[in-house]
Amino acid sequence: MPRTADAKPFVKPLWYWVLLVLLVAVIALTAVPAFTQHPHSPGVEDFFPEAIVGRGTLLEFNRLTFVRLVMGGLLCLTLGVAAARQFKMVPGRGQALLEIIADFVRSNVALMLLGNKNGRRFAPLLGTLFLGVLAMNLSGIIPGLNIAASSVVAVPMVFAALTYITFIGAGIKEQGAGHFFASQLFPPGLPKAMYLLITPIEFLSNFIVRPVTLTLRLLCNMVSGHLLLGMTFFGTTSLLLHLQASSTISLLTGAAMIVVTMFEVFVAVLQAYIFTILSAVYIKLSIEAH
């Protein structure tokens with residue numbers, strides 16, 4: 001179809017050029033060390049970096065703290081810019097992506113599990129959990145950051161604590177404190193003697209195991225993902241330094257590096273989804289009387 005006289009040419013948005021400049025700057029800053037220094041071997045010490053300032057204090061600032069601030073700042077900046085701009089009837093790519101994510105969490109998690117009333121009530125929280133966990137997970141594949149902020153226990157623990165406080169608070173508000181704890185600790189229809197065995201198990205399951213498993217599931221997946229990525233990048237770099245760049249082994253490890261990176265993106269999204277849907281399930285179990 002020929003272009004009409006009043007048709008406007010496509011102009012790339014400002015955020016595209018900002019991200020492009022940042023990517024080029026990161027590549028330029030990391031290219032020289034990558035080809036002149038010995039490749040970094042991944043290990044447990046990656047999760048315990050040296051302090052930049054405030055060593056040994058509560059205000060200690062290290063590389064992982066920097067990664068959290070960067071990803072948190074980028075997430076807040078992205079959502080702030082999106083909220084400040086006027087939404088269009090025909091959305092651009094950025095607006096369309098945000099709308100897809102918001103509608104996915106609202107329709108396929110909040111409304112599907114919690115119903116219309118409670119789904120609308122908790123959709124903002126669930127959306128915050130999904131985007132927050134996703135942002136912290138994706139930092140592991142961003143050049144210059146190279147480690148998931150959620151690969152240390154503090155970040156998963158904060159998100160798990162938010163879910164923990166929410167499902168207890170929602171249950172108390174919905175049922176009252178007495179009825180809520182009774183429904184969680186004393187399942188109906190059992191002989192009274194059985195409660196001596198069942199009640200401690202229910203307490204551990206509902207108030208200890210839930211936040212612990214939320215934390216450990218996310219933590220272990222991100223730790224293993226970082227080590228897997230690190231090993232493939234380390235192997236490829238070592239082979240390129242010691243062997244010919246065109247050697248078969250280096251080509252295979254290079255291909256594995258790309259595949260593992262894509263797999264890490266998939267795991268980051270999947271773990272954010274699992275964390276969000278489990279949070280919705282726990283909220284559902286707390287606000288519904290047994």
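Here are some residues: R106, R68. Which one is basic (K, R), under 30 Å from F233 (Cα atoms), open to solvent by 50 Å² or more (accessible area, probe 1.4 Å) and at pLDDT 80 or above?
Just one listed residue meets the conditions, R68.
Right, S183: open to solvent by less than 50 Å² (accessible area, probe 1.4 Å), under 23 Å from L98 (Cα atoms), among the hydroxyl-bearing types (S, T, Y) and part of a helix (DSSP H, G or I) or not?
Judged against the criteria, S183 is not a match.
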Residue check, D46 charged (D, E, K, R), in contact (Cβ under 8 Å) with a residue 60 or more places away in the chain and either loosely packed, with under 13 Cβ neighbours inside 10 Å or not in a loop (DSSP other than H, G, I, E, B) (or both): yes
May I ask you to say which residue of A148, A154, A160 is open to solvent by 40 Å² or more (accessible area, probe 1.4 Å) and under 27 Å from L227 (Cα atoms)? A154
Filter the range 256-281 for residues that are within 14 Å of L126 (Cβ to Cβ), open to solvent by 30 Å² or more (accessible area, probe 1.4 Å) and of a type in the set (F, W, Y) and give the result. Y273
Considering only the range 264-271, I want to know if a residue exists there that is at pLDDT 80 or above, part of a helix (DSSP H, G or I) and more than 23 Å from V133 (Cα to Cα). no
Go through the range 112-145 residue by residue and tally those that are open to solvent by less than 40 Å² (accessible area, probe 1.4 Å) and outside any helix (DSSP H, G or I). 1
Just one of the numbered conditions (1) at pLDDT 80 or above; (2) assigned to a helix (DSSP H, G or I) is not true of R55; which one? (2)
Out of curiosity, is I172 surrounded by 15 or more Cβ atoms within 10 Å (Cβ to Cβ) and in a helix (DSSP H, G or I)? yes
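The values are calculated or read from the model by the stated rules, or taken from the named source; none is laboratory data. Predicted, not measured: the structure shown is a model, and the values here were computed from it. Neighbour counts are summed over all protein chains in view; Cβ atoms, including those assigned to glycine, are modelled from backbone coordinates with ideal geometry. Quick note on the areas: whole protein, heavy atoms, side chains included, nothing else; ligands and nucleic acids left out. Shrake-Rupley method; radii C 1.70, N 1.55, O 1.52, S 1.80 Å.
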